[in-house]
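Here's the structure, in structure tokens; my notes come after.
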Amino acid sequence: MATQKIHVKTTINGQPQEFLTDPYVSLLDALREIIGLTGSKEGCLDGNCGACTVSINGRIVDSCLVLAAEVEGQEVETVEGMASSEGLHPLQQAFLEEAALQCGICTPGFLVASKGLLDNEPDPSEERIRHWLAGNLCRCTGYENIVKAVKKAAKNS
Amino acid sequence: MVNISDSKNYKVIGTNPIRHDGYDKVTGRAVYGADIKLPGLIWASIVRSPHAHAVLKSVDTSAAEKIDGVFAVMTGKDLPALKDEFIDHGEGTENIAWSSENIMATKKVLYTGHAVAAIAAVDRYVADYAASKIKVEYEPLESVTNVEDATKEGSPILLEDLVGDHIGKKVKSTNIASITRHEFGDPDKAFKEAEHVVERTFTLQMVHQGYIEPHNATAIWDEEDRIKVWTSTQGAFPVRTSTAAILDMDVSKVKVTPLEIGGGFGGKIPIYLEPVVATLSKKSGRPVKAIMERTNVFQASGPAPGGTITVKMGTDKNGKLIAADTSIKLEAGGFPGAAVGAAVQCVFAPYDIANTRIDGYDIVVNKPKSAAYRAPGSPQAAFASETVVNELAEIHGIDPIEFRLLNASKEGTRRADGVVFPVVGNEEVLDAAKASDHWNSELGTPMKGRVRGRGLASGYWFNVGLKSTVNLTVNTDGTVALVEGSTDIGGTRTSISMQAAEILGIPATDFRPTVGDTETAGYADVTGGSRTTYATGFAAVKAAESLIEVLKERCSIIWSLDKQDIDFENGSFFASKDPELKFTFKELAANLDSTGGPAASSGSVDLESAGGAFGTHIVDLDVDPETGKTDIVRYTAVQDVGTVIYPAYCKGNIQGGVVQGIGWGLNEEYFMKDDGSQANTSYLDYRMPTALDLPNIDVIMVEKPNPGHPFGVRGVGEVPICPPIAAIGDALYNAVGKRFYDAPMKPGRILNVLGKISD
Amino acid sequence: MQPFAYSAPTTIKEAVEILDKHGDKARPMAGGTDLLVQIRGGKFNLDTVVDIKKIPELNEISNGKEEFVLGAAVPCHKLYDDPGISKDYPGLIDAAGLIGSIQIQSRSGFGGNLCNSTPSADGIAPLIVHSAKANIEGKSGSRSVPVEEFCTGPGLNVLGKGEILVSMTMPNKGDKFGAAYERFIPRNEMDIAVAAVGSSILLGSDGKIAEAKIALASVGPTPIYASKASESLIGKEPNEAAFKEAGSIAKGECSPIEDMRGTADQRRHLVEVLTIRTLDKSLERIEG
């Protein structure tokens, strides 16, 4: 369409990344369609389900409500950056062990959101975990196993 | 066939291995429908009606076609005209002409959001922009958005050609597509003789399954007029059947690859997008992808019906139910097919009642065409019948569990629609609820400013069997490739593998399960009806048993013995007359090449019935009488699960169903505006429970094995959504002293019932 | 959705120029959590969005002895992550932790909430009861408007062509001042207020109420400064009777509608209940 593309230089999961994008494209779409990281999911496109959660400079955000152009010079982290060559992040391992996923579509969002919590508060209470994760919807699990997994990961970190 | 009275020293069943698809799902690698990438892929956008009821006069795509980046456009006229006939898509039948009109209208639009045209363009943004330039002319008509208005004298008729079947009588010019009646004994006489009679009328609103992943489909129409489809679905084979039928082609021309699915709960059984993207692919020569926006998932997929249910029940002086009568009116949406047939089967299922009448009404209204939602029809019916049961128990001064035990249906009881119960665990569930810690514990102190109440209700779902196939191939390292066609919504790749693993005496982690496409997997009906662990698991057991026979053949070759002198026990093969001759499964696998090559087997089932199951739930909640704010503080779900295969997922599935029921009971509903459109087409105002809205959900899994399955499995997934609405109503009654007959029991309604506000 | 351009000016002057040039075809964007949804929903057809997050003055957040300065682009989390602000302005923190989810609070802020000017905004009633002023700059210079006069209708405010909200400032009224904000929603998070009330009281040295402010949200076309209810408290002892009366008067100062979130009667009832509760809380915060 009529607008000129924007050249964005950013860092994604610790790696420098450059891309061209239309100005009106969301960060979620840029990640999924331009860069090819489909781990962050589309659920609602209006900031109510958290399936698109990524981290910008250590703060969790709904990437459907961020323009791709806005991450110029920022540090973006997605679910794909959580595991390392050494293995899974303790949260990912705990989610598997505690059956904290059923269909799994909300899981990347919950993992990134939970990491955002544990990176700053290493030993949150169950109440705090539920409060922090209120912006992530799950329709399959009823949340209990997710909360248990976050607690377990906190213990194992 | 494994005898279920055998020792319960299972090695695999009852354990919790890491699910086979787990690593892909926690790393973001798993490919869901929206994730698929194909060379040259273009995007579709769909034009939808802003009117709830209108004649579709014309669609002008000319301006849109001129936009840079647009590849193709289509209207309903691009789909073939079909006969008004029913096809079997695997969990019921569908009228194919109606389904086609639902996918894209040609004559009338029957709900706001009804698709009328589509466009394919280079990216999603261009497609959306171009779609907004398609000009559609409508002649708006009066709309009706609830069963009462749709059945009033003089109400607008949605489908002029519909001939209603009202208990055998053919009726024209009606919005009531069908009325069915099931009657036993003489309820009218019995009511006259009853000591106590309670009759109540209940209303419920339309709700949505709320899966976090929107509908999606990608298709290529190739040079041989064959169609390849990638989609998130509850069943690749039913998608193939439906897509082929809508496009008027043979199923052999359609290949469906099911990708990972982000929730379905019944809503991803019907198709909405596949014929559209296929047609756009034909016209553009490109692969085409469509993702439904969340607002359109609400407006134009398949929500669950609301409606009006009247229940009348009568008891003798001892509290024995002697008569029950109900009329269940559910809204089908724009085309017939509300889940009233299932509601009829479930409404009085927990009770042995001699004199019953059940009338079920399937009523079209100007709302999206309803689809299955986790035990479709049963939660609605249970809200009504369980509330009346609780009222009668109170009148008699009998504890609600004792009242239910007094009247409990069991093996041999005739259900009110005529089916006789096989082995079922209704009483066992009630006994377990009675003995539970929750039921026997003090209510405790409510939150500041609140009053607390405890409630109880039961529920039932019949579960289904249907067809599944499992194919096994042994690899030379002793691992087993398992191919099946049941899309995996929550760990069934593993629960199926575990059953084969138990038979073969090898760990579940030695399986490599794959959900195949319609050309690689054997036929499977939908992942729905709580049938997957049951039926596909059964097929896996049969395949494993066949595999043992194949492998015994190999041993007979190696040891030069007759096959009948070879035994298999505890994962090892040995010669019955010479125990020195022995192979573990792995050792034998290493010898396959020299004995004839790969060893494979297949197992298929076509199960006419399944083990139905009961649940009884206990809930404590705190209500703020000043604001109506309600918080669940404690919840226990007791359910008969047959035999637990995969405990963490069995429990998790029950918790998930409970939470959907809680949302349904407290806050979820479609708000309809005066113009017939839905006001709350966003997760902002369609209020599903968040992590902060719930306590932990305790689950007590009662095992009353189902003799119809080698391990005794009963379907688990649907029962848990049936009791919560009535349980919440009962708890509210015990908290504030007023009964609730309208769902959801949201704060405004609570204040209203308490007399704090008017209206 | 009409395609739009993006710019991220680094000075107020630049931002004002772009906004002035495009008129209502340009809008400033702070957190973007309302604006992007509105653009996609067709509420606005824009030629460009102006990202204001790179302008230093709009990012100011200073908790001074005399006054608190909150830049228009400052996201909610910066308030509750700051122990000093959390201690001194709990009435603002009540709202900062309520607007959407943690993800939304990483981006959205009081400035955008104020400029979005919806009747149900969580950030406006707290600003009103803290006697906040909206500081505006435009082509013809700068001006300040009391927050209760900022909104003029649903989605409408006093900002003219080319004008931009720079910051909100409010006086530090010391430790005899207490404020609270409470909204009623059916769930525990994530909902838009059915009705909400912000209250503040300042006690004189005689222990009586010297100043009081009550503001209502979601019960009229704009957030409402309940002047009659507020004035009814002046000079009184801060007790249940006074609070009850204020609640009853506040109930009469609102003009709620019926919509999918609640009925008019329900909202009026809630205004009375929440007025009393927030006054109680404000007093608790002074005494605690």
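From zero outward in steps of 5 Å, how is the percent of C-alpha pairs of the stretch B:654-731 spread across the bins?
Answer for the stretch B:654-731: a P(r) of 3, 13, 17, 18, 15, 12, 9, 6, 4, 2, 1 percent.
Residues of the stretch C:118-146 with amide nitrogen under 12 Å from the 7 Å Cα-to-Cβ point of C:Lys43?
Label zone hits: C:118-121.
Report the full-extension gain for the segment B:Lys448 to B:Lys172: residue separation times 0.36 nm, less the Cα-Cα distance, to one decimal in nm.
93.6 nm
What is the Cα radius of gyration of the stretch C:177-287 over 2.2 N^0.38 Å, N being its residue count?
1.03
Calculate, for B:Lys77 and C:Glu211, the FRET efficiency according to 1/(1 + (r/R0)^6) with r their C-beta to C-beta distance and R0 56 Å; round to the nearest 0.05.
For B:Lys77 and C:Glu211, the calculated efficiency is 0.20.
With r defined as the distance between the Cβ atoms of B:Asn318 and B:Ser155 and R0 fixed at 51 Å, what FRET efficiency is calculated, to the nearest 0.05?
0.70
Using the beta-carbon distance between B:Glu148 and B:Asp675 and R0 = 22 Å, what value does 1/(1 + (r/R0)^6) give for FRET efficiency, to the nearest 0.05?
E between B:Glu148 and B:Asp675, to the nearest 0.05, is 0.75.
Among B:Met745, C:Met1, which comes first, second and so on when ranked by fewest other beta-carbon atoms within 10 Å?
Ordered from fewest to most neighbouring Cβ atoms within 10 Å, B:Met745, C:Met1 come out as C:Met1, B:Met745.
Using the Kirkwood radius built from alpha carbon pairs, what does the Stokes-Einstein equation give as D for the stretch A:6-81 at 37 °C and 0.692 mPa s, in µm² per second?
275 µm²/s
As a footprinting exposure proxy, order A:Thr38, A:Thr141 by other Cβ within 10 Å, with the fewest listed first.
Fewest-to-most Cβ neighbours within 10 Å comes out as A:Thr38, A:Thr141.
Can you tell me the alpha carbon radius of gyration of the stretch B:406-484 divided by the globular rule-of-thumb value 2.2 N^0.38 Å?
Its radius of gyration relative to the 2.2 N^0.38 Å reference: 1.94.
For B:Leu754, list long-range residues whose amide hydrogen, built 1.01 Å from N in the peptide plane, is under 5 Å from its own amide hydrogen.
none
What's the whole-number percent of alpha carbon pairs in the stretch B:55-166 lying beyond 21 angstrom?
Cα-Cα pairs in the stretch B:55-166 separated by more than 21 Å: 50 percent.
Over 16 Å, how big is the tail of the calculated P(r) for the stretch B:700-759, in percent of all Cα pairs?
Above the 16 Å cut-off, the stretch B:700-759 has 58 percent of its Cα pairs.
Given Cα pairs under 8 Å that are at least 6 residues apart, what percent is the relative contact order of chain B?
Reported relative contact order: 15 percent.
Greater than 21 Å separation of Cα atoms is the criterion. Which listed pairs, A:Lys115/C:Lys54; B:Lys83/B:Lys107; B:Lys83/B:Lys169; B:Lys312/B:Lys369; C:Lys176/C:Lys236, meet it?
Cα-Cα > 21 Å for A:Lys115/C:Lys54; B:Lys83/B:Lys169; B:Lys312/B:Lys369; rest within.
Starting from the Cα of B:Ile395, step 7 Å toward the Cβ, then list every residue of the stretch B:710-731 with an amide N under 18 Å from that point.
B:730
Give me the percent relative contact order of the stretch B:613-667, please, defined on Cα pairs under 8 angstrom at least 6 residues apart.
30 percent
Residue by residue through the stretch C:64-80, which ³J(HN,Hα) values in whole Hz follow from phi under the Karplus form 6.51 cos²θ - 1.76 cosθ + 1.60 (θ = phi - 60°), with glycine and proline marked x?
Each residue of the stretch C:64-80 in turn: x, 5, 8, 8, 10, 10, 10, x, 5, 9, 5, x, 3, 5, 5, 6, 6 Hz.
With 10 Å bins from zero, work out the P(r) of the stretch A:90-156 over every alpha carbon pair and list the percent per bin.
The percentages, shortest bin first, are 24, 64, 12.
Over the stretch A:64-157, calculate the relative contact order: mean separation of alpha carbon pairs under 8 Å at least 6 apart, over the residue count, as a percent.
With pairs under 8 Å counted, the relative contact order is 37 percent.
Give, in nm to one decimal, the length gained when the segment between B:Glu199 and B:Lys8 is fully stretched (0.36 nm per residue of separation minus the Cα-Cα distance).
Taking B:Glu199 through B:Lys8 to full extension adds about 64.1 nm, to one decimal.
Just need log10 I(q)/I(0) for the stretch C:57-171 at q = 0.18, 0.23 Å⁻¹, Debye formula, equal scatterers on the alpha-carbon atoms, no solvent, rounded to two decimals.
-0.85, -1.40
Across peptide A:126-138, how many C-beta atoms of other chains are within 10 Å of each residue C-beta, on average?
Rounded to a whole number, the mean comes out at 6.
Given that compact globular proteins tend to follow 2.2 N^0.38 Å, what is the ratio of the alpha-carbon Rg of the stretch B:557-706 to that value?
In units of the 2.2 N^0.38 Å rule of thumb, it is 1.85.
Compute the convex hull volume of the Cα atoms of chain C, divide it by the residue count, and report the result per residue in Å³ as a whole number.
Cα-based convex hull of chain C, divided per residue, equals 120 Å³.
Given DSSP loops and a limit of at most 16 other Cβ atoms within 10 Å, what is the longest stretch of chain C that contains no such GluC sites (Glu not before Pro)?
C:67-257
Picking from A:Ala113, A:Ala94, A:Ala51, which is most flexible by a Gaussian network model of chain A using Cα springs under 10 Å?
Result: A:Ala94 has the largest fluctuation of those listed.
Counting other Cβ atoms within 10 Å of each Cβ, which trypsin sites (Lys or Arg not before Pro) in the stretch B:699-755 have at most 14 and sit in a DSSP loop?
Passing both the DSSP loop test and the Cβ count: B:Lys738.
Gain in length, C:Asn172 to C:Lys13, computed as 0.36 nm per residue apart minus the alpha-carbon separation, to one decimal in nm?
Going from the current span to full extension adds 54.3 nm.
Which ordering of B:His166, C:His130, C:His77 is given by a fewest-first count of other beta-carbon atoms within 10 Å?
By the 10 Å Cβ count, ascending, the order reads B:His166, C:His77, C:His130.
Take every residue in peptide C:264-277, count the Cβ atoms of other chains within 10 Å of its Cβ, and give the average of those counts.
4
Mean residue ellipticity at 222 nm from the helices of the protein assembly as shown, using -39,500 (n - 2.57) per DSSP H segment of n ≥ 4 over the full residue count, to the nearest 500 deg cm²/dmol?
So the helix-based figure for the protein assembly as shown works out to -8000 deg cm²/dmol.
Using only the Cα atoms of the stretch C:1-103, build the gyration tensor, take square roots of its eigenvalues as a ≥ b ≥ c, and label the shape rounded, prolate or oblate: rounded if a/c is under 1.5, else prolate if a/b is larger than b/c, else oblate.
Because a/c hits 1.5 or more and a/b fails to exceed b/c, the stretch C:1-103 counts as oblate.
Between the DSSP loop rule and a limit of at most 10 other Cβ atoms within 10 Å, which trypsin sites (Lys or Arg not before Pro) in the stretch C:1-108 are left?
C:Lys65
Taking 1 over the mean of 1/r across every pair of different Cα atoms in the protein assembly as shown, what Kirkwood radius in Å do you get?
One decimal place: 31.7 Å for the Kirkwood radius.
Report the dimensions of chain B along its three principal axes from the alpha-carbon atoms, largest first, rounded to Å.
Sorted from largest, the Cα extents of chain B read 86, 75, 54 Å.
List the trypsin sites (Lys or Arg not before Pro) within the stretch B:30-125 that fall in a DSSP loop (any state other than H, G, I, E or B) and whose Cβ has at most 13 other Cβ atoms within 10 Å.
Qualifying residues, ordered by number: B:Lys37, B:Lys66, B:Lys83, B:Lys107.
For chain A, place one equal point scatterer on every Cα, skip the solvent, and apply the Debye formula. What is log10 of I(q)/I(0) at q = 0.09, 0.18 Å⁻¹?
-0.28, -1.04
Per residue of B:291-299, count partner chain C-beta atoms within 10 Å of its C-beta, then hand back the mean as an integer.
Whole-number average of other-chain Cβ neighbours for B:291-299 is 2.
Enter the Cα centre distance for the pair the stretch C:213-288 and the stretch C:76-99, rounded to the nearest angstrom.
Cα centroid to Cα centroid, the span is 22 Å.
Over the stretch C:57-171, how many pairs of lysines fall under 19 Å by alpha carbon, counting only those 8 or more apart in sequence or from different chains?
Count of close lysine pairs: 5.
Read the figures in this text as sums done on the coordinates, not as results from a lab. These figures come from a predicted structure and were not determined experimentally. Please note: Cβ atoms are built from the backbone with ideal geometry, for glycine as well, and neighbour counts cover all protein chains shown.
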